[in-house]
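Colleague: Dropping the structure in here first, questions after.
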Amino acid sequence: MFHQSRRRLAYWFTLSMGSILILFAFTIYYLQLQDRIKTFDETLYTRTKRLAMKTEYRLQKGRWQIHTDNVSLQESDTPPLKIETKIAYVRWYDSQGNLEQFIGTAAPGQLTSSPGYQTLKADSDTTQKQLLRQLTIPLQQDKESIGYLQVAAYLNPIQESLTQLRLFLSVGVPLTLGLVGLFGWVLGGVAMQPTRHAYEQLQRFTADASHELRAPVAAILSNAQVGLLASVDDTVQQRRRLENIVSSTKSMSALINNLLFLARHQGRLNPQDLKEIDLVVLVQSLVDEYKILAQQLNLNFIAHLPPTPVKLKADSDLLTQALKNLLDNACKYTVSGDTVTLKVSTKLRRAFIEIEDNGIGIPAEDLPHIFERFYRVDTARSRQTGGFGLGLAIAQQIIEAHGGQITVESVLEKGTKFQICLSLF
Ligand code: ADP
């Protein structure tokens, strides 16, 4: 699925970039062609003007005679031109369009083209597709039309440079397209990464959730089938089976509640859902509750709370839930005689809540994963303590929904410290 999406992404990327590239190449070619023809025309015009000036016109017997003695096709005596080109022919016509004189290639007897520029095929060389640019200008003497001057030059310099440009584009465009395709493929892979990651997480989450639900469902089924249906007379055993069913159903219900919680509380909380609370009051009620639990578990419970109120905007139920998850863990992963410490402090418009224990600790390689859903350091150990591996994921989701951060430090066999940071009101 991801491979196909990646290929499609790369294909469309290459297609769109390729179209832009080809359009760009054609535009460059067209602009270059226009530019070179313009420069060539200017050169041709300059040369034609010079030839017109060098030609002598004498009125003899009422008719204008053309004298080309001073005319030469060599331009050594003139300043260099923008494009060096060879003149193919020069032709003089009278005012009726009859050929008077010519230099270079033989000419038709009559003027066939109107004044201006034309591009023609050079007749002499059909194999090489040589082209000529021809300019015809009217000649005037004392405001009287005396004929036409026609000059043609080989377009070779332009043809050669355009052939080079075509070659460059025909190699460069496919090469660039190949590179674009390669980039498209790599970028497609990079773009697919978060989607693939999210999909894998979702898949893992679904698999884990089903796995967790399967065990209690199987227990309920076996208790109902074996216990209730088979041993109809044994009321003691029946009671034990019923208790098992109740405990499995409770566990399943807790899991479903946790899953629902994670699914519902995504993203930041709405500001209207947040109330101004005193963190000290909220934590104090937890201290009272966990002092009793710690006593039952033979743990030392120490609380450090500031003497003044710590005001912040929060959903007190959710915040209580997050802190309870951390305190439950601290009590769960410690042994008799260990200490659990709960501390609240403020610094630079922030409130810090620390829950520390000197219990079993978390191995360094597990630390980056412990906020992941269903992640348990030691499945066997957690199963004993009844955890699904969702408590920390829920705590993190709640704290982040409040715009806060939760961090952990732990040393194996030494203890664990969770720190929550929230902005003050
Ligand atoms: P669980 O419900 O299994 O406790 P959590 O998400 O609350 O799941 O915790 C994830 C894992 O992190 C636990 O399985 C446990 O191994 C480890 N852990 C959490 N808190 C502590 C702690 N205070 N001390 C040692 N290990 C802890």
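The values are calculated or read from the model by the stated rules, or taken from the named source; none is laboratory data. It should be emphasised that the depicted structure is a prediction, and the values quoted were computed from it without experimental measurement. Positions of Cβ are generated from backbone atoms using ideal geometry, with glycine treated the same way; all protein chains shown enter the neighbour counts. All accessible areas refer to the heavy atoms of the entire protein, side chains included, with ligands and DNA or RNA removed. Shrake-Rupley method; radii C 1.70, N 1.55, O 1.52, S 1.80 Å.
Colleague: Checking residue 397 against (1) away from the ligand (no atom under 12 Å from the Cβ); (2) over 19 Å from residue 410 (Cβ atoms); (3) open to solvent by 20 Å² or more (accessible area, probe 1.4 Å), only one condition comes out false. Which one?
Modeller: (1)
Colleague: Tell me which residues, restricted to segment 309-332, are touching a strand residue (DSSP E or B) at 6+ places or on another chain (Cβ under 9 Å) and open to solvent by 50 Å² or more (accessible area, probe 1.4 Å). Working first, answer last.
Modeller: Applying the first criterion (touching a strand residue (DSSP E or B) at 6+ places or on another chain (Cβ under 9 Å)) to segment 309-332 yields 309-316, 319, 322-323, 326-327, 329-331.
If the condition is that a residue be touching a strand residue (DSSP E or B) at 6+ places or on another chain (Cβ under 9 Å) and open to solvent by 50 Å² or more (accessible area, probe 1.4 Å), then 309, 311, 313 are the ones that fit.
Colleague: If you don't mind, there's one more thing I want to ask. Does residue 9 fit the bill of being in contact with a Leu (Cβ under 6 Å, 6 or more places away or on another chain) and surrounded by 15 or more Cβ atoms within 10 Å (Cβ to Cβ)?
Modeller: Details: in contact with a Leu (Cβ under 6 Å, 6 or more places away or on another chain): no; surrounded by 15 or more Cβ atoms within 10 Å (Cβ to Cβ): yes.
No, not satisfied.
Colleague: Of all residues in segment 93-104, which are farther than 11 Å from residue 149 by Cα and open to solvent by 60 Å² or more (accessible area, probe 1.4 Å)?
Modeller: First pass over segment 93-104, keeping only residues farther than 11 Å from residue 149 by Cα: 96, 98, 103-104.
If the condition is that a residue be farther than 11 Å from residue 149 by Cα and open to solvent by 60 Å² or more (accessible area, probe 1.4 Å), then 96, 98 are the ones that fit.
Colleague: Same structure, new question: If I filter segment 224-241 for residues that are among the basic types (Lys, Arg) and open to solvent by less than 70 Å² (accessible area, probe 1.4 Å), do I get at least one hit?
Modeller: Yes, there is a match, as at least one residue in segment 224-241 is among the basic types (Lys, Arg) and open to solvent by less than 70 Å² (accessible area, probe 1.4 Å).
Colleague: I've got another one for you. Tell me, please, whether a residue that is surrounded by 17 or more Cβ atoms within 10 Å (Cβ to Cβ) and within 19 Å of residue 36 (Cβ to Cβ) can be found in segment 116-123.
Modeller: Restricting attention to segment 116-123, the residues satisfying the condition of being surrounded by 17 or more Cβ atoms within 10 Å (Cβ to Cβ) are 122.
If we keep only those that are within 19 Å of residue 36 (Cβ to Cβ) as well, we get 122.
Yes, segment 116-123 contains a residue that is surrounded by 17 or more Cβ atoms within 10 Å (Cβ to Cβ) and within 19 Å of residue 36 (Cβ to Cβ).
Colleague: For segment 334-344, name all the residues that are in a loop (DSSP other than H, G, I, E, B) and among the hydroxyl-bearing types (Ser, Thr, Tyr). Spell out how you get there, then give the answer.
Modeller: Initially, segment 334-344 is screened for residues in a loop (DSSP other than H, G, I, E, B), giving 334-338.
Result: 334, 336.
Colleague: Which of the following residues is within 10 Å of the ligand (Cβ to nearest atom) and in contact (Cβ under 8 Å) with a residue 12 or more places away in the chain: 337, 415? Spell out how you get there, then give the answer.
Modeller: On the way: 337 fails: within 10 Å of the ligand (Cβ to nearest atom).
Just one listed residue meets the conditions, 415.
Colleague: Another question about this same structure. Any idea how many residues of segment 345-371 are in a strand (DSSP E or B) and open to solvent by 10 Å² or more (accessible area, probe 1.4 Å)? Break it down into steps so the answer makes sense when it comes.
Modeller: Here is the first cut: in segment 345-371, the ones in a strand (DSSP E or B) are 345-347, 350-357.
Next, only the ones that are open to solvent by 10 Å² or more (accessible area, probe 1.4 Å) stay: 345-347, 350, 352, 354, 356-357.
Of the residues in segment 345-371, 8 are in a strand (DSSP E or B) and open to solvent by 10 Å² or more (accessible area, probe 1.4 Å).
Colleague: State whether one or more residues within segment 279-294 are in contact (Cβ under 8 Å) with a residue 24 or more places away in the chain, in contact with a Leu (Cβ under 9 Å, 6 or more places away or on another chain) and open to solvent by 40 Å² or more (accessible area, probe 1.4 Å).
Modeller: yes
Colleague: Does segment 383-394 include one or more residues that are more than 9 Å from the ligand (Cβ to nearest atom) and touching a residue at least 60 places away in the same chain (Cβ under 8 Å)? Quick ask: steps written out before the conclusion?
Modeller: Taking segment 383-394 as the starting set, the residues that turn out to be more than 9 Å from the ligand (Cβ to nearest atom) are 384.
Within this subset, residues satisfying the condition of being touching a residue at least 60 places away in the same chain (Cβ under 8 Å) are none.
For segment 383-394, residues more than 9 Å from the ligand (Cβ to nearest atom) and touching a residue at least 60 places away in the same chain (Cβ under 8 Å): absent.
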